[in-house]
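A quick write-up on the structure given underneath.
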Amino acid sequence: MERKLSAITLGHGSGGRLTSQLTNSIISNFELVNFESEDCAWISEDMAVAMDGFTVTPLSFPGGDIGKLAVCGSTNDLAVRGVRPDMLTLSLIIEEGLDMEQFTGFMKSAADTCKLIGTRLIAGDTKVVPKGAADKLFITTCAIGTRISVNKLGSVRIKDGDILILTTSPGIHGSVLAALRFGIEAPELISDCAPLWPSLSPLLNLDVHAMRDCTRGGVGTVLCEWAESRGLGFEIEERLLPKNESAASICDILGYDQLWLAGEGCALIAVSQEDAEECLKRLKVSSVCREAAIIGKVYNKRHGMAWMKTHIGGERIIDMPAGEILPRIC
């Protein structure tokens, strides 16, 4: 039974159950045409659009900053649907008093990331609000691109027998921000924040059925969303998960589970059994996906459920987080 709340909470931004409730309360007011519960939408047969907002704190972190994150976050939503990110719009809400040199650095990071993947800035908007009316800088992006994949990738194409591949260790970005906020020194821990298009585009002539970047709510939430939307069973094995030791240590200290922490350069892929090994081989060519691994399989059983086979031989149900684990990670 869904828990009804009388006011918006941080949990509504978690990417989990409360986010789903909030989203449903918004879209129920609109007349929708061909609505898909994906992070990007088709505006024609060959063009798609994705929109995203970024409120990360702190604004800079090992491996990136809000500028790089804004471009990666929005263009990755296109990349996982087999769409080349061609164009970007950028909307800024800047708090009075933000250091100009720092601000310019964030914009350079955004521009450098765009150049890396061939994305052009085509429009934008800038607002400055009084001190105290925002937290330094918020960014909203809209990314538009062209479909390169033969088929429109999406969860509707996942089927029994598909192999699940994870491109890198789960929860690295969330672990980085957790360490910063709690003052834990982790010099080797660097965010996985990266544009995924260069790594995923070589897969698009294979029999890939769906891909999703594992941001808010992490890998666990993606598995749950796929299982519930397809009515299939999703099994992963704990021993097969790529493991970043530094991120795992932070999670152990703070009591977090990496499965539900965000990555910003991590994708889950559902691919046919026939093309799974070739898909893995092509991923490992990329420096972003060197740790890529087959982690599980899709089954026509336990319909609508996701679970993990543990190291000790047991099974653990995977469910969406009910509240916020770590706010403002993106």
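The values are calculated or read from the model by the stated rules, or taken from the named source; none is laboratory data. Because the structure is a prediction, the values reported are computed rather than measured. Heads up, the Cβs are rebuilt from the backbone with ideal geometry, glycines too, and the neighbour counts pull from every protein chain shown. Side chains included, ligands, DNA and RNA excluded: accessible areas come from the protein's heavy atoms. Shrake-Rupley method; radii C 1.70, N 1.55, O 1.52, S 1.80 Å.
Extension gain for Thr57 to Gln21 (0.36 nm times residue separation, less C-alpha to C-alpha distance): 10.5 nm.
Per residue, the chain exposes 46 Å² of solvent-accessible protein surface, assessed with a 1.4 angstrom probe and all protein chains in place. For Lys284, the lysines whose Cα falls under 18 Å of its own Cα, not counting residues fewer than eight places away in the same chain, are Lys243. Listed values for segment 161-170 are Karplus-derived 3J(HN,Hα) couplings in whole Hz (6.51 cos²θ - 1.76 cosθ + 1.60, θ = phi - 60°), namely x, 4, 9, 9, 10, 10, 7, 6, 4, x, and x replaces Gly and Pro.
Overall, the chain carries a charge dipole of about 180 debye about its Cα centre when +1 sits on the Cβ of Lys and Arg and -1 on the Cβ of Asp and Glu, all other atoms neutral. Of all lysines in the structure, the ones whose alpha carbon falls short of 24 Å from that of Lys301, not counting any fewer than 8 places away in one chain, are Lys159, Lys309.
Full extension of the chain segment joining Leu180 with Arg120 gains 18.4 nm, where the gain is 0.36 nm per residue of separation less the Cα-Cα distance. Ranked by the mean number of other Cβ atoms within 10 Å of their residues, highest first, the peptides 216-226, 91-101 fall in the order 216-226, 91-101. Derived scalar couplings between HN and Hα for segment 258-267 equal 4, 4, 9, 8, 6, x, 10, x, 10, 10 Hz in order, rounded to whole Hz, by the Karplus curve 6.51 cos²θ - 1.76 cosθ + 1.60 (θ = phi - 60°), x for Gly and Pro. Across the chain, the relative contact order, built from alpha-carbon pairs under 8 Å that are at least six residues apart, equals 25 percent. Work out, in µm²/s and without decimals, the Stokes-Einstein translational diffusion coefficient of segment 155-317 at 20 °C, 1.002 mPa s, Rh from Kirkwood over C-alpha pairs. My calculation gives 135 µm²/s for D. Seen against the Cα atoms of the chain and their longest principal axis, helix 66-79 is set at about 40 degrees. Cut-off 20 Å, label point 7 angstrom out along Cα-to-Cβ of Glu95: give me the residues of segment 180-198 whose amide nitrogen falls inside. Counting backbone N atoms under 20 Å from the label point, the list is 180-183.
Between Glu188 and Asp135, what is the label-point separation in nm under the 7 Å Cα-to-beta-carbon projection? For the pair Asp135/Glu188, the computed spacing is 3.0 nm. Shape of the chain from the C-alpha gyration tensor: rounded (a/c under 1.5, with a ≥ b ≥ c the square roots of its eigenvalues). Backbone N atoms of segment 112-141 closer than 14 Å to the 7 Å Cα→Cβ label point of Ile43 belong to residues 120-124, 141.
When the chain is described by a simple charge dipole with +1 on each Lys and Arg Cβ and -1 on each Asp and Glu Cβ, the residue from Cys114, Leu88, Ile144 located farthest towards its positive end is Ile144.
When you restrict to C-alpha pairs under 8 Å that are six or more residues apart and normalise by the size of segment 39-147, the relative contact order lands at 43 percent.
Solvent-accessible area of segment 39-147 (1.4 angstrom probe, protein heavy atoms only): carbon and sulfur portion equals 59 percent.
Protection proxy ranking of 202-213, 238-249, by the mean of other Cβ atoms within 10 Å over each peptide's residues and highest first, is 202-213, 238-249. Listed by chain and number, the lysines whose alpha-carbon sits under 16 Å from that of Lys115, ignoring those within fewer than 8 places in the same chain, are Lys68.
Run the helix sum for the chain: -39,500 (n - 2.57) per DSSP H stretch of 4+ residues, divided by residue count, reported at 222 nm to the nearest 500 deg cm²/dmol.
That comes out to -8000 deg cm²/dmol.
Remark on Met47: its backbone amide H falls under 5 Å from those of Arg147, a criterion applied only to residues 5 or more positions apart or on other chains, H modelled at 1.01 Å from N.
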